[in-house]
Structure formats: C-alpha cells, structure tokens
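The values are calculated or read from the model by the stated rules, or taken from the named source; none is laboratory data. In this text the structure is predicted, and so the values were computed from the model without any measurement. Glycine also receives a Cβ, built like all others from the backbone with ideal geometry; neighbour counts cover every protein chain displayed.
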Amino acid sequence: MNWTPLILTFQLALITTLILLVISIPLAYWLVQTKSRFKPIIETLVSMPLVLPPTVLGFYFLIAFSPKNTFGIWLNEYLGIQLIFSFTGLVVASVIYSLPFMVHPIQSGLSSLPSSLSEAAFVMGKSRSSTLFHIQLPNIKASLLTGIVLAFAHTIGEFGIVLMIGGNISGKTKVASIAIYDEVESLNYAAANKYSAILVVLSFCILLFVYIINGGYLKRFWK
Amino acid sequence: MIKLDINKKLDGTLGEMVLELSYTIPKGQLLTIYGESGAGKTSTLRMISGLLKPDQGMIQVDNTVWFDKNRKINLPPQKRNVGFVFQDYALFPNMTVKKNLTFASKNKKNLTYVTDIIDLMELGDLQNKTPINLSGGQQQRVALARALVQQPQILLLDEPLSALDSKIRFKLQDYLLKVHKEFNLTTILISHDIAEIIKLSDWVLILKEGKIINQGNPSQIFINKNISGKFRFTGDVLKIEAQETLYIVTVLIQSNVVEIVAQASEILGLNIGDKVMVASETFDPIIYKINRQ
C-alpha cells in the first residue's frame, strides 16, 4: 500500500492546525472584547466555511490564485509562491476552510470566563497580553484542546476544496480523501477500503480523546 | 485623599440613570457606600479603579490626577495602584493560593512581603491549594491578601463578606479592620449589612439612584441619634415579648442571644428581624476573669 497520501494528509493537518492556533487566539480575543461595528461582518466571514459547499471556496481560490490573474501574478512575482496545485495552496485553503473550528471554541471559552478575572489582573498592573497568556488561556485549556482537535480532524476530512485547488498530484497534493476517490474510480476497492478504514479508526480515536479529556474522565480514573 | 467628582450615565435595572458623585475621602478613612442594588455603588468603585470611564468630571488621588475629562487624562487601571476585592473574589483558578499572591506582587525578586501577608492572613496551610478547594471564607481571605500584596494606596471592597455565614463574617471583619489600620489604607467598602457598617466604617454615604442622599457617621445615620454609651453592640431582633408593663426583646448579637428589657416607647416601630443597636450608658460593667480549664 502507498502510504504517501496518509502522510501528506497528516502533514497538512498538522501545519494547518499550528497556523490556525496562532491566528485564532488573537482573532477570538478580538471578537470577544471588541465593540466594533464590524464584529458581525468578521464573525460571518469566519463562519462562512461552515455553510458553503467546499467547492464554492475552492472555485474562488482557484480563480484568485490563478497565475493568469492579478493576485496570482503578484504572488508569483513578488513572493515566488504558486498556490494552485501545490502543497502551500492546500495549506492556505485548509486554514480558511477550518478557521471556524478553531475560532469558535476559543471564542466561547474566552467569553465564558468571568470578566472579573481579567479585570483583577488589570488592576494588579498586568498588561492585556500578560493577562491573556497567564490567566485567560490557561483557564480555557479544554476549549483550546477542542479547537486543536476539531481543526485537525476537519482538515483530515477535507475533500472538495482540496480537489479543486490541489488537484490530484501524487506525493504533492494527493491526500487520503482524494486517494480513496481515485482508487474507487479505478475500481480498486481493496485499496480504497484500507485508506477509509484507517481514517475511520483515527477519527474515532481523535474524537474519543477529546470527549474523554473534556468530560474529565481521565481525572476521575487517575485519582 | 481621594477627590471624586464624577458623572456617568448608567443603564441600570430600573432604566437609565445618572450617577453623580462629588465627595472627598480623607486619607486613612474607611468609607462605606450603602444603598439599594442599582444605585451605582459598584460602578463608583469601577470608576475609581479605572475599569469604567466616567462621562464627565475628575478623580484625583493625593497629588496625582487619575482622570480628568477636560484635560483628557485617563490613567489605565494598570497604573492606578488600587487593591480591588471583587464580589466573586476573582481568584485565578489555574494558580495555587501562593501563585495567586506572587502573580499580584509587583516586586518579583523580593517575596518576603508575600510571606508576611500569608502569615498575617493565616494562609500558611492553604498556600499550595487551588481556589476551587477552598471554602468561601478562605477564598475571601485569599482575595483580600492578594489585594494587599500589591501594596495599594487604596483598597476597594465590593460586598466582600456578603456570601459568608455570620460566624466567618465577624472574623473577617476583624481582619479587615486590622489590615486597614496596619497598612494605613484608604478603604472604600460596599456593604448591605448595617451591623457591619457600624462596626467597620468611619463614614457612610447613602446612594440612591446615583446620588448621595445622606451621609454621616454610621451610628448617626442608622440610629438617628448620638449614642455616647461605652458599650455598643449591634444585632438582630429575634423576639419581642410583652410582660405586664415592660417588654423583653431578644436580640442576637454576633452568636450570643441576649435579652433586653425595654419600655413601650422603645419598642415602638420595632419588628422581628430589625437591626438594632444595644448600648449601655448608666452602669459600670463588671469584669470576671475566665479561668482556663
């Protein structure tokens, strides 16, 4: 069996999750404390991938990143990046596609903390960033974990957007979900079954892990 | 000294109201703000600490201006050196008691002050516990200790004892008095408990719908006359019994039940559950030594 698609899938999910974590903490923090008029617009944009078919996003990325369009040309000339049919393109698309899965848990975690906690830190002379890293984030570990795991799992489950923007290049953009489709197309059911079974087991384990941690089962067992 | 002259439009539970306060708190005073909920008590503390911005006016502490609308001065809470004990205590759940205190301490290199406060507040046995494992009274002591570790000029207490049962309350009131005097603080307390106010405060402001409607020495305010008695205790009326020409009023003072003989004129308007002050002026008290067993 060819393991490359699976390895590629996990590389993609890992990189996407790391980037999302870095982006989503400030974004969620801003959404929680802002009184800006633009908040609903930003919130809508973050949530759009939840309702849109992935092919729609993929289609627009394809248009935007195309080396024939201004943005695509600019990217290629100034940054030397080609996003279409490349692994980098997959990462960019996955980050946007999985954004709500990371932002939402962190946002609801932060807003569920009593405001007196951060106010107490401000009165003690602590800056906003010190308060965020020493008080707010350590008290929403469960939300952070949920965000990390959901974003990771959701990236593994991508199909439409990956197919649109990444195509099907072996060793470069052919992730597990595409490989399954490919094997089925060529009536190679045994290979498709192997990939699928691995994904089923892994997804089950990942989600089970989240529920166990967040339900406090581990704490109860270890006490 | 805290000079307050603040004006703020608030959205209270009873609709919009304007909080208008103009008052100067002398250095070292323990001031209580008393009033119904929604009168603007907590908002006042929040404005002093910088967590809420007044619409108009100024706040000056000693010679430093903390807020001045006209001169566009508004020091952030981080720069105001205020100790704030929140109603919900706001202890950091991810830190032990000791970590809560060291985090609040401004001088990270010299933690002797933190250990001094731990001793003073008798927190030695609790210092490695997390807040979730503490009782209400213990959490309150930690919250007070944490506010003191910052070495503030001003201590703001938002109903710090309201969630505690009376026995722990009395003990914590003593702690409050002790630290107020020991650290020479200017303290502003919000309280609903008249006995507590009479016991603790030098001066009381009564707020109603954002305005000061009355102020004075607590016994003047709540008892309406000056009592010069040598003994004064406050308590709750448990029972009023008529006995021929006199009445026996049973009063709960701290945890003791006391019976007091009263005349018809004294019990006029007195009901069960009322707060009363018991004072004695005419006879000398007797002292007995209690022999330890």
Can you tell me how many residues within region A:8-41 are part of a helix (DSSP H, G or I), over 19 Å from A:PHE133 (Cβ atoms) and more than 17 Å from the chain's Cα centre (by Cα)? 3
Can B:GLU241 be described as among the charged types (D, E, K, R) and part of a loop (DSSP other than H, G, I, E, B)? no
Which ones in region B:232-251 are within 26 Å of the chain's Cα centre (by Cα) and buried (at least 16 other Cβ atoms within 10 Å of the Cβ)? B:ARG232, B:PHE233, B:THR234, B:GLY235, B:ASP236, B:VAL237, B:VAL251
Does region A:162-177 contain at least one residue that is surrounded by 15 or more Cβ atoms within 10 Å (Cβ to Cβ) and under 18 Å from A:LEU99 (Cα atoms)? yes
Subset of region B:16-43 (residues that are free of Cβ contacts under 8 Å to residues at least 60 places away in the same chain and β-branched (Val, Ile, Thr)): B:THR24
What number of residues within region B:177-204 satisfy the criterion of being free of Cβ contacts under 8 Å to residues at least 60 places away in the same chain and crowded, with 16+ Cβ neighbours inside 10 Å? 5
Somewhere in region B:45-53, is a residue part of a loop (DSSP other than H, G, I, E, B), within 14 Å of another protein chain (Cβ to nearest Cβ) and surrounded by fewer than 19 Cβ atoms within 10 Å (Cβ to Cβ)? yes
Considering only residues that are more than 14 Å from every other protein chain (Cβ to nearest Cβ) and in contact with a Phe, Trp or Tyr (Cβ under 6 Å, 6 or more places away or on another chain), look in region A:126-163 and name the one that is modelled with the highest pLDDT. A:ALA151
Apart from one, (1) within 11 Å of chain A (Cβ to nearest Cβ); (2) under 15 Å from A:MET124 (Cα atoms) all hold for B:LYS108; the odd one out is (1)
I'd like to check something: does region B:147-158 contain any residue that is under 26 Å from A:GLN136 (Cβ atoms), out of contact with any strand residue (DSSP E or B) (no Cβ under 7 Å at 6 or more places or on another chain) and in contact (Cβ under 8 Å) with a residue 40 or more places away in the chain? yes
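A quick yes/no check of all residues on (1) surrounded by fewer than 22 Cβ atoms within 10 Å (Cβ to Cβ); (2) among the charged types (D, E, K, R); (3) within 25 Å of B:PRO77 (Cβ to Cβ); (4) outside the structural domain of B:ILE190 (by TED's automatic domain parsing):
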{"residue": "B:LYS98", "(1), (2), (3), (4)": "yes, yes, yes, no"}
{"residue": "B:LEU101", "(1), (2), (3), (4)": "no, no, yes, no"}
{"residue": "B:LYS108", "(1), (2), (3), (4)": "yes, yes, yes, no"}
{"residue": "B:THR112", "(1), (2), (3), (4)": "yes, no, no, no"}
{"residue": "B:ASP119", "(1), (2), (3), (4)": "yes, yes, no, no"}
{"residue": "B:GLY124", "(1), (2), (3), (4)": "yes, no, no, no"}
{"residue": "B:ASN128", "(1), (2), (3), (4)": "yes, no, no, no"}
{"residue": "B:ASN133", "(1), (2), (3), (4)": "yes, no, no, no"}
{"residue": "B:GLN153", "(1), (2), (3), (4)": "yes, no, yes, no"}
Looking at (1) modelled with pLDDT under 85; (2) among the polar types (S, T, N, Q); (3) surrounded by 15 or more Cβ atoms within 10 Å (Cβ to Cβ), which is the one condition that is false for B:ASN224? (3)
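Pick from region A:102-125 the residues that are of a type outside the set (A, V, I, L, M, F, W, C) and within 14 Å of chain B (Cβ to nearest Cβ): which of them is surrounded by the fewest Cβ atoms within 10 Å (Cβ to Cβ)?
A:SER112
Looking at B:LEU164, B:LEU207, which is the one that is surrounded by fewer than 19 Cβ atoms within 10 Å (Cβ to Cβ) and touching a helix residue (DSSP H, G or I) at 6+ places or on another chain (Cβ under 9 Å)?
Within the list B:LEU164, B:LEU207, the selection yields B:LEU164.
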Qualifying positions in region B:70-121 - of a type in the set (Asp, Glu) and over 20 Å from the mean Cα position of the chain (by Cα): B:ASP116, B:ASP119
